[in-house]
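Chemist: Next up is a structure, given as C-alpha coordinates.
The values are calculated or read from the model by the stated rules, or taken from the named source; none is laboratory data. Just so we're clear, the structure is a prediction, and the values are computed from it rather than from any experiment. All Cβ positions, glycine included, derive from the backbone under ideal geometry; neighbour counts span all protein chains shown. In case anyone asks, the SASA skips ligands and DNA or RNA and just uses the protein heavy atoms, side chains included. Shrake-Rupley method; radii C 1.70, N 1.55, O 1.52, S 1.80 Å.
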Amino acid sequence: MLDGKIAIRSLLPEELDEELRAMGEPAYRGRQVFSWLSRGVSGFDEMTNLPRRLREKLAGRYYLAAPEVLRKQNSLRDGTVKYLWGLADGNAVETVVMRYHHGNTVCISTQVGCRQGCAFCASTIGGLVRQLEPYEMLEEVMFSELDSGLKISNIVLMGIGEPLDNFDNVIKFLKLVNCPQGMDIGMRHISLSTCGLTERFDKLGELNLQLTLSVSLHAPDDETRSRIMPANRGRGVAQLMDACERYFETTGRRISFEYAMIDGVNDSDEQARLLAAHARRIGAHVNLIPLNHVEESRFMPTPPERIRRFRELLERAGVNVTVRRSLGGDIDASCGQLRKKAAAGRA
Ligand code: SAH
(Lines give C-alpha, C1' and ligand atoms only; values in the text may rest on other atoms or scores of the structure.)
Protein backbone atom coordinates (compact mmCIF):
# COMPACT_ATOMS: atom_id res chain seq x y z
CA MET A 1 0.00 0.00 0.00
CA LEU A 2 2.89 2.37 0.68
CA ASP A 3 5.05 0.86 -2.10
CA GLY A 4 7.26 -0.77 0.51
CA LYS A 5 8.08 2.58 2.08
CA ILE A 6 8.14 3.27 5.82
CA ALA A 7 5.47 5.70 7.04
CA ILE A 8 7.69 8.43 8.41
CA ARG A 9 5.02 9.91 10.69
CA SER A 10 5.02 6.61 12.65
CA LEU A 11 8.60 7.28 13.81
CA LEU A 12 9.44 8.76 17.23
CA PRO A 13 12.07 11.56 17.35
CA GLU A 14 14.75 9.18 18.60
CA GLU A 15 13.98 6.70 15.81
CA LEU A 16 14.14 9.49 13.26
CA ASP A 17 17.49 10.63 14.69
CA GLU A 18 18.78 7.11 14.30
CA GLU A 19 17.55 6.78 10.70
CA LEU A 20 19.07 10.09 9.66
CA ARG A 21 22.34 9.40 11.40
CA ALA A 22 22.53 6.11 9.51
CA MET A 23 22.07 8.13 6.31
CA GLY A 24 25.16 10.17 7.25
CA GLU A 25 23.22 13.29 8.24
CA PRO A 26 24.19 15.65 11.07
CA ALA A 27 22.62 15.21 14.51
CA TYR A 28 20.13 18.09 14.26
CA ARG A 29 18.40 16.76 11.12
CA GLY A 30 16.15 14.34 12.98
CA ARG A 31 14.70 17.17 15.06
CA GLN A 32 14.25 19.35 11.99
CA VAL A 33 12.33 16.64 10.15
CA PHE A 34 10.18 15.75 13.19
CA SER A 35 9.22 19.38 13.57
CA TRP A 36 8.04 19.57 9.93
CA LEU A 37 6.12 16.31 10.29
CA SER A 38 4.36 17.63 13.39
CA ARG A 39 3.27 20.74 11.52
CA GLY A 40 1.28 18.57 9.14
CA VAL A 41 3.31 18.82 5.93
CA SER A 42 2.06 16.53 3.18
CA GLY A 43 5.32 16.10 1.25
CA PHE A 44 9.10 16.36 1.67
CA ASP A 45 9.29 19.33 -0.70
CA GLU A 46 7.63 21.45 1.97
CA MET A 47 10.67 20.93 4.25
CA THR A 48 12.35 24.00 2.84
CA ASN A 49 15.32 24.15 5.22
CA LEU A 50 16.51 20.72 4.09
CA PRO A 51 18.95 20.31 1.17
CA ARG A 52 17.20 19.17 -1.99
CA ARG A 53 19.23 15.96 -2.29
CA LEU A 54 18.13 14.98 1.22
CA ARG A 55 14.48 15.70 0.46
CA GLU A 56 14.73 13.47 -2.59
CA LYS A 57 16.44 10.74 -0.64
CA LEU A 58 13.74 10.86 2.03
CA ALA A 59 10.97 10.77 -0.58
CA GLY A 60 12.52 7.62 -2.06
CA ARG A 61 12.57 5.85 1.27
CA TYR A 62 9.61 7.10 3.31
CA TYR A 63 5.87 7.51 2.85
CA LEU A 64 4.41 10.93 3.60
CA ALA A 65 1.01 12.31 2.61
CA ALA A 66 -2.02 13.94 4.18
CA PRO A 67 -5.18 11.86 4.57
CA GLU A 68 -7.93 12.99 2.25
CA VAL A 69 -11.12 14.56 3.61
CA LEU A 70 -13.74 12.37 1.94
CA ARG A 71 -16.53 13.97 3.88
CA LYS A 72 -16.93 16.61 6.54
CA GLN A 73 -20.12 17.26 8.47
CA ASN A 74 -20.82 20.12 10.87
CA SER A 75 -23.46 19.83 13.54
CA LEU A 76 -25.61 22.96 13.53
CA ARG A 77 -26.77 22.11 17.03
CA ASP A 78 -23.53 21.94 19.00
CA GLY A 79 -20.58 22.63 16.69
CA THR A 80 -19.44 19.01 16.54
CA VAL A 81 -17.47 18.19 13.37
CA LYS A 82 -17.27 14.69 11.88
CA TYR A 83 -14.63 13.70 9.36
CA LEU A 84 -14.45 10.72 7.05
CA TRP A 85 -10.76 10.30 6.19
CA GLY A 86 -9.59 8.45 3.10
CA LEU A 87 -6.55 6.29 3.87
CA ALA A 88 -3.75 5.34 1.49
CA ASP A 89 -5.21 1.91 0.69
CA GLY A 90 -8.72 3.16 -0.10
CA ASN A 91 -10.15 2.38 3.34
CA ALA A 92 -11.79 5.13 5.35
CA VAL A 93 -12.28 5.96 9.04
CA GLU A 94 -14.30 8.46 11.02
CA THR A 95 -13.08 11.05 13.55
CA VAL A 96 -15.22 13.43 15.60
CA VAL A 97 -14.23 16.80 17.07
CA MET A 98 -16.37 17.90 20.02
CA ARG A 99 -16.40 21.31 21.66
CA TYR A 100 -16.64 21.31 25.43
CA HIS A 101 -16.16 24.13 27.94
CA HIS A 102 -12.98 22.44 29.17
CA GLY A 103 -11.51 22.34 25.64
CA ASN A 104 -11.87 20.66 22.29
CA THR A 105 -11.85 16.87 22.31
CA VAL A 106 -11.14 14.60 19.37
CA CYS A 107 -12.63 11.10 19.29
CA ILE A 108 -10.48 8.87 17.11
CA SER A 109 -10.85 5.43 15.53
CA THR A 110 -8.20 2.80 16.28
CA GLN A 111 -9.14 0.13 13.72
CA VAL A 112 -10.91 -0.05 10.36
CA GLY A 113 -14.05 -1.81 11.58
CA CYS A 114 -14.23 -3.83 14.78
CA ARG A 115 -14.49 -7.52 15.70
CA GLN A 116 -15.97 -7.21 19.21
CA GLY A 117 -19.59 -7.61 18.13
CA CYS A 118 -21.35 -5.48 20.77
CA ALA A 119 -25.08 -5.83 20.03
CA PHE A 120 -25.89 -2.11 20.33
CA CYS A 121 -22.98 -0.67 18.31
CA ALA A 122 -22.84 0.28 14.61
CA SER A 123 -19.04 0.18 14.35
CA THR A 124 -18.86 -3.60 14.54
CA ILE A 125 -21.51 -4.46 11.95
CA GLY A 126 -19.07 -5.10 9.09
CA GLY A 127 -16.41 -6.80 11.26
CA LEU A 128 -12.72 -5.93 11.36
CA VAL A 129 -10.98 -4.92 8.13
CA ARG A 130 -7.52 -4.02 9.42
CA GLN A 131 -5.53 -2.37 12.19
CA LEU A 132 -4.75 1.34 11.99
CA GLU A 133 -1.05 2.24 11.98
CA PRO A 134 0.37 4.70 14.53
CA TYR A 135 0.72 7.46 11.91
CA GLU A 136 -2.90 7.03 10.82
CA MET A 137 -4.17 7.63 14.37
CA LEU A 138 -1.77 10.57 14.78
CA GLU A 139 -3.02 12.06 11.51
CA GLU A 140 -6.64 11.77 12.69
CA VAL A 141 -5.72 14.16 15.52
CA MET A 142 -3.32 16.36 13.54
CA PHE A 143 -5.49 16.91 10.47
CA SER A 144 -8.73 17.30 12.45
CA GLU A 145 -7.01 20.17 14.25
CA LEU A 146 -5.55 21.68 11.07
CA ASP A 147 -8.72 21.40 9.02
CA SER A 148 -11.19 22.51 11.70
CA GLY A 149 -8.96 25.24 13.11
CA LEU A 150 -9.97 23.97 16.57
CA LYS A 151 -7.01 23.51 18.90
CA ILE A 152 -7.25 19.98 20.30
CA SER A 153 -6.61 19.59 24.01
CA ASN A 154 -8.11 16.16 24.75
CA ILE A 155 -8.20 12.83 22.96
CA VAL A 156 -10.59 9.94 23.50
CA LEU A 157 -9.97 6.55 21.89
CA MET A 158 -13.69 5.93 21.56
CA GLY A 159 -14.26 5.91 17.82
CA ILE A 160 -14.35 2.80 15.65
CA GLY A 161 -12.36 -0.18 16.88
CA GLU A 162 -11.06 -1.73 20.09
CA PRO A 163 -7.76 -0.05 21.13
CA LEU A 164 -6.52 -3.04 23.13
CA ASP A 165 -6.99 -5.25 20.06
CA ASN A 166 -4.39 -3.05 18.32
CA PHE A 167 -2.13 -2.75 21.35
CA ASP A 168 1.36 -2.02 19.99
CA ASN A 169 0.20 0.48 17.37
CA VAL A 170 -1.97 2.29 19.91
CA ILE A 171 0.90 2.57 22.41
CA LYS A 172 3.20 3.92 19.71
CA PHE A 173 0.53 6.45 18.72
CA LEU A 174 0.19 7.57 22.35
CA LYS A 175 3.94 8.14 22.58
CA LEU A 176 3.91 10.10 19.31
CA VAL A 177 1.03 12.39 20.21
CA ASN A 178 2.54 12.93 23.67
CA CYS A 179 5.94 14.07 22.31
CA PRO A 180 6.88 17.53 23.65
CA GLN A 181 8.44 18.34 20.23
CA GLY A 182 5.21 17.24 18.51
CA MET A 183 1.53 17.66 19.38
CA ASP A 184 2.45 17.52 23.08
CA ILE A 185 -0.91 16.28 24.36
CA GLY A 186 -0.52 15.16 27.97
CA MET A 187 -1.44 11.59 28.92
CA ARG A 188 -3.83 12.96 31.53
CA HIS A 189 -5.78 14.49 28.66
CA ILE A 190 -6.18 11.13 26.94
CA SER A 191 -8.84 8.44 27.60
CA LEU A 192 -8.58 4.92 26.28
CA SER A 193 -11.85 3.02 26.15
CA THR A 194 -12.04 -0.76 26.10
CA CYS A 195 -14.76 -3.41 25.99
CA GLY A 196 -12.66 -5.29 28.55
CA LEU A 197 -9.88 -7.36 26.94
CA THR A 198 -8.65 -8.20 30.44
CA GLU A 199 -5.55 -10.07 29.29
CA ARG A 200 -4.05 -6.74 28.17
CA PHE A 201 -4.82 -4.74 31.34
CA ASP A 202 -1.66 -5.75 33.25
CA LYS A 203 0.58 -4.93 30.29
CA LEU A 204 -1.07 -1.52 29.97
CA GLY A 205 -0.83 -0.94 33.73
CA GLU A 206 2.89 -1.72 33.75
CA LEU A 207 3.48 1.05 31.20
CA ASN A 208 2.02 3.42 33.82
CA LEU A 209 1.01 5.95 31.18
CA GLN A 210 -1.21 8.10 33.41
CA LEU A 211 -3.99 8.13 30.85
CA THR A 212 -7.61 7.51 31.87
CA LEU A 213 -8.83 3.97 31.33
CA SER A 214 -12.53 3.81 30.48
CA VAL A 215 -14.12 0.41 30.73
CA SER A 216 -17.27 -0.12 28.69
CA LEU A 217 -19.15 -2.10 31.31
CA HIS A 218 -22.79 -1.68 30.22
CA ALA A 219 -23.98 -4.50 32.51
CA PRO A 220 -22.92 -5.57 36.02
CA ASP A 221 -23.96 -9.23 35.70
CA ASP A 222 -22.59 -11.94 33.41
CA GLU A 223 -25.93 -12.98 31.99
CA THR A 224 -26.73 -9.53 30.61
CA ARG A 225 -23.16 -8.56 29.75
CA SER A 226 -22.45 -11.72 27.78
CA ARG A 227 -25.70 -11.27 25.91
CA ILE A 228 -24.91 -7.75 24.70
CA MET A 229 -21.08 -7.90 24.68
CA PRO A 230 -19.51 -11.08 23.27
CA ALA A 231 -16.15 -9.96 24.73
CA ASN A 232 -17.56 -10.91 28.14
CA ARG A 233 -17.93 -14.57 27.17
CA GLY A 234 -14.99 -16.59 28.44
CA ARG A 235 -13.80 -13.66 30.54
CA GLY A 236 -16.63 -12.58 32.82
CA VAL A 237 -17.38 -9.62 35.06
CA ALA A 238 -15.44 -11.00 38.06
CA GLN A 239 -12.26 -11.30 35.98
CA LEU A 240 -12.85 -7.80 34.60
CA MET A 241 -13.23 -6.32 38.08
CA ASP A 242 -10.04 -8.07 39.25
CA ALA A 243 -8.15 -6.65 36.25
CA CYS A 244 -9.56 -3.17 36.99
CA GLU A 245 -8.51 -3.40 40.62
CA ARG A 246 -4.94 -4.37 39.68
CA TYR A 247 -4.79 -1.57 37.10
CA PHE A 248 -5.89 0.97 39.72
CA GLU A 249 -3.38 -0.36 42.25
CA THR A 250 -0.50 -0.25 39.75
CA THR A 251 -1.18 3.15 38.22
CA GLY A 252 -3.10 5.02 40.94
CA ARG A 253 -5.39 6.23 38.15
CA ARG A 254 -9.11 6.13 38.79
CA ILE A 255 -11.00 4.01 36.25
CA SER A 256 -14.16 5.16 34.60
CA PHE A 257 -17.07 2.78 33.82
CA GLU A 258 -19.06 3.59 30.69
CA TYR A 259 -22.68 2.49 30.99
CA ALA A 260 -25.01 2.93 28.00
CA MET A 261 -28.54 2.70 29.35
CA ILE A 262 -30.71 0.30 27.37
CA ASP A 263 -34.44 0.16 28.05
CA GLY A 264 -35.39 -2.99 29.97
CA VAL A 265 -31.96 -4.58 29.52
CA ASN A 266 -29.49 -3.09 32.01
CA ASP A 267 -31.49 -0.45 33.88
CA SER A 268 -33.18 -2.29 36.77
CA ASP A 269 -32.82 -1.34 40.44
CA GLU A 270 -31.04 -4.61 41.09
CA GLN A 271 -28.53 -3.86 38.34
CA ALA A 272 -27.97 -0.38 39.81
CA ARG A 273 -27.14 -1.96 43.18
CA LEU A 274 -24.75 -4.49 41.64
CA LEU A 275 -23.10 -1.77 39.52
CA ALA A 276 -22.69 0.36 42.66
CA ALA A 277 -20.96 -2.51 44.45
CA HIS A 278 -18.46 -2.96 41.58
CA ALA A 279 -17.81 0.78 41.33
CA ARG A 280 -17.24 1.16 45.07
CA ARG A 281 -14.81 -1.75 45.16
CA ILE A 282 -12.70 -0.33 42.31
CA GLY A 283 -13.20 3.32 43.26
CA ALA A 284 -14.52 3.85 39.74
CA HIS A 285 -16.39 6.82 38.39
CA VAL A 286 -19.60 5.85 36.52
CA ASN A 287 -20.54 7.58 33.30
CA LEU A 288 -24.15 6.94 32.29
CA ILE A 289 -24.90 7.43 28.59
CA PRO A 290 -28.43 7.30 27.21
CA LEU A 291 -28.13 4.68 24.44
CA ASN A 292 -27.92 6.16 20.98
CA HIS A 293 -30.29 4.35 18.70
CA VAL A 294 -28.68 2.44 15.86
CA GLU A 295 -30.92 1.59 12.93
CA GLU A 296 -30.01 -2.08 12.75
CA SER A 297 -30.56 -2.62 16.45
CA ARG A 298 -33.72 -3.45 18.40
CA PHE A 299 -32.37 -1.78 21.55
CA MET A 300 -33.94 1.48 22.70
CA PRO A 301 -32.66 4.09 25.15
CA THR A 302 -33.83 4.08 28.76
CA PRO A 303 -36.39 6.88 29.32
CA PRO A 304 -35.05 9.97 31.17
CA GLU A 305 -37.04 9.34 34.40
CA ARG A 306 -35.59 5.87 34.67
CA ILE A 307 -32.06 7.22 34.08
CA ARG A 308 -32.67 9.72 36.88
CA ARG A 309 -33.72 6.96 39.28
CA PHE A 310 -30.76 4.76 38.31
CA ARG A 311 -28.45 7.68 38.90
CA GLU A 312 -29.99 8.37 42.31
CA LEU A 313 -29.57 4.76 43.38
CA LEU A 314 -25.89 4.95 42.48
CA GLU A 315 -25.42 8.27 44.25
CA ARG A 316 -27.16 7.04 47.35
CA ALA A 317 -24.75 4.11 47.37
CA GLY A 318 -21.86 6.59 47.44
CA VAL A 319 -20.82 6.28 43.80
CA ASN A 320 -19.41 9.16 41.80
CA VAL A 321 -21.70 9.37 38.75
CA THR A 322 -22.31 11.64 35.76
CA VAL A 323 -24.78 11.47 32.89
CA ARG A 324 -22.99 12.17 29.66
CA ARG A 325 -24.35 14.79 27.31
CA SER A 326 -24.59 13.44 23.79
CA LEU A 327 -23.08 15.60 21.05
CA GLY A 328 -23.33 15.37 17.28
CA GLY A 329 -26.66 13.49 17.25
CA ASP A 330 -27.84 15.33 14.13
CA ILE A 331 -24.81 14.12 12.11
CA ASP A 332 -24.69 10.51 13.38
CA ALA A 333 -21.53 11.32 15.30
CA SER A 334 -22.61 10.08 18.75
CA CYS A 335 -21.20 7.03 20.56
CA GLY A 336 -21.85 3.82 18.70
CA GLN A 337 -23.06 5.55 15.54
CA LEU A 338 -19.74 5.63 13.70
CA ARG A 339 -19.43 2.98 11.05
CA LYS A 340 -16.83 1.72 8.67
CA LYS A 341 -17.16 3.34 5.29
CA ALA A 342 -15.48 1.27 2.64
CA ALA A 343 -14.33 3.67 -0.03
CA ALA A 344 -14.55 7.10 -1.57
CA GLY A 345 -17.97 8.07 -2.85
CA ARG A 346 -19.85 5.68 -0.61
CA ALA A 347 -20.15 8.08 2.31
N1 SAH B 1 -14.04 -0.58 21.64
C2 SAH B 1 -13.93 0.41 22.66
C3 SAH B 1 -14.01 1.84 22.18
C4 SAH B 1 -15.03 2.22 21.13
S5 SAH B 1 -16.72 2.45 21.54
C6 SAH B 1 -14.95 0.15 23.75
O7 SAH B 1 -15.72 -0.78 23.62
O8 SAH B 1 -14.92 0.84 24.75
C9 SAH B 1 -16.85 3.88 22.53
C10 SAH B 1 -18.02 3.78 23.52
O11 SAH B 1 -19.31 3.88 22.90
C12 SAH B 1 -18.03 2.44 24.25
O13 SAH B 1 -18.30 2.65 25.61
C14 SAH B 1 -19.19 1.75 23.58
O15 SAH B 1 -19.68 0.68 24.32
C16 SAH B 1 -20.15 2.89 23.42
N17 SAH B 1 -21.28 2.63 22.52
C18 SAH B 1 -21.32 1.80 21.46
N19 SAH B 1 -22.53 1.84 20.87
C20 SAH B 1 -23.28 2.72 21.58
C21 SAH B 1 -24.60 3.21 21.46
N22 SAH B 1 -25.41 2.79 20.49
N23 SAH B 1 -25.03 4.12 22.35
C24 SAH B 1 -24.20 4.58 23.33
N25 SAH B 1 -22.93 4.16 23.49
C26 SAH B 1 -22.48 3.23 22.63
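Chemist: Just give me the residues in region 76-101 being under 13 Å from Ser148 (Cα atoms) and in contact with a helix residue (DSSP H, G or I) (Cβ under 9 Å, 6 or more places away or on another chain), in sequence order.
Modeler: Passing the criteria: Thr80, Val81, Lys82, Tyr83, Thr95, Val96, Val97.
Chemist: On to the next question. Among the candidates Ser268, Ser256, which residue alone is among the small types (Gly, Ala, Ser) and open to solvent by 20 Å² or more (accessible area, probe 1.4 Å)?
Modeler: Of the residues listed, the single one that is among the small types (Gly, Ala, Ser) and open to solvent by 20 Å² or more (accessible area, probe 1.4 Å) is Ser268.
Chemist: Could you check region 174-205 and list, in sequence order, the residues that are over 22 Å from Cys244 (Cα atoms) and within 16 Å of the ligand (Cβ to nearest atom)? Walk me through how you get there before you give the answer.
Modeler: Looking only at region 174-205, we keep the residues that are over 22 Å from Cys244 (Cα atoms), and these are 175-186.
None; the set is empty.
Chemist: I want to confirm something. Restricting to region 272-282 and keeping residues that are touching a helix residue (DSSP H, G or I) at 6+ places or on another chain (Cβ under 8 Å) and open to solvent by 20 Å² or more (accessible area, probe 1.4 Å), which single residue is farthest from Leu213 (Cα to Cα)?
Modeler: Filtering region 272-282 for residues touching a helix residue (DSSP H, G or I) at 6+ places or on another chain (Cβ under 8 Å) gives 272-273, 275-276, 278-279, 281-282.
The next check asks that each one be open to solvent by 20 Å² or more (accessible area, probe 1.4 Å); those that pass are 273, 278, 281.
On the way: Arg273: 23, His278: 16, Arg281: 16 Å.
Per the criteria, the residue is Arg273.
Chemist: It is to be established whether one or more residues within region 31-44 are over 30 Å from the mean Cα position of the chain (by Cα) and outside the structural domain of Leu176 (by TED's automatic domain parsing). Before the answer, list the steps.
Modeler: First, the residues of region 31-44 that are over 30 Å from the mean Cα position of the chain (by Cα): none.
No: region 31-44 contains no residue that is over 30 Å from the mean Cα position of the chain (by Cα) and outside the structural domain of Leu176 (by TED's automatic domain parsing).
Chemist: Could you go through region 293-315 and let me know if any residue there is of a type outside the set (Gly, Ala, Ser), open to solvent by less than 10 Å² (accessible area, probe 1.4 Å), away from the ligand (no atom under 12 Å from the Cβ) and touching a residue at least 12 places away in the same chain (Cβ under 8 Å).
Modeler: Here is the first cut: in region 293-315, the ones of a type outside the set (Gly, Ala, Ser) are 293-296, 298-315.
Those left that are additionally open to solvent by less than 10 Å² (accessible area, probe 1.4 Å): 294, 302, 310, 314.
Add one more test, that the residue is away from the ligand (no atom under 12 Å from the Cβ), and what stays is 310, 314.
Narrowing further to those that are touching a residue at least 12 places away in the same chain (Cβ under 8 Å): 310, 314.
Looking through region 293-315, at least one residue is of a type outside the set (Gly, Ala, Ser), open to solvent by less than 10 Å² (accessible area, probe 1.4 Å), away from the ligand (no atom under 12 Å from the Cβ) and touching a residue at least 12 places away in the same chain (Cβ under 8 Å).
Chemist: Restricting to region 149-173, give me the number of residues that are open to solvent by 20 Å² or more (accessible area, probe 1.4 Å) and away from the ligand (no atom under 16 Å from the Cβ).
Modeler: Qualifying residue count for the region: 6.
Chemist: For region 94-132, how many residues are at pLDDT below 95, open to solvent by less than 20 Å² (accessible area, probe 1.4 Å) and not hydroxyl-bearing (Ser, Thr, Tyr)?
Modeler: 2
Chemist: Next question. Suppose we filter region 194-215 for residues that are part of a strand (DSSP E or B) and either buried (at least 22 other Cβ atoms within 10 Å of the Cβ) or not assigned by TED's automatic domain parsing to the domain that holds Leu138 (or both); how many remain? Lay out the reasoning, then the answer.
Modeler: Just the residues of region 194-215 that are part of a strand (DSSP E or B), to begin with: 194, 212-215.
Imposing the further condition that a residue be either buried (at least 22 other Cβ atoms within 10 Å of the Cβ) or not assigned by TED's automatic domain parsing to the domain that holds Leu138 (or both) reduces the set to 194, 213, 215.
Number of matching residues: 3.
Chemist: What pairs come out if I take residues in region 74-90 that are free of Cβ contacts under 8 Å to residues at least 60 places away in the same chain and pair them with residues that are part of a strand (DSSP E or B) and open to solvent by less than 20 Å² (accessible area, probe 1.4 Å) whose C-beta lies under 8 Å away, six or more apart or interchain?
Modeler: If the second residue must be part of a strand (DSSP E or B) and open to solvent by less than 20 Å² (accessible area, probe 1.4 Å), the pairs left are Trp85/Ala92; Trp85/Val93; Trp85/Glu94; Trp85/Thr95; Leu87/Val93; Leu87/Val112.
Chemist: Turning to a different aspect of this structure: Need the failing condition index for Val41 against (1) closer than 30 Å to Ile228 by Cα; (2) of a type outside the set (Ser, Thr, Tyr); (3) in a loop (DSSP other than H, G, I, E, B), just the number.
Modeler: That leaves (1) as the condition not met.
Chemist: Scan region 243-255 and tell me whether some residue there is within 12 Å of the ligand (Cβ to nearest atom) and of a type in the set (Ser, Thr, Tyr).
Modeler: no
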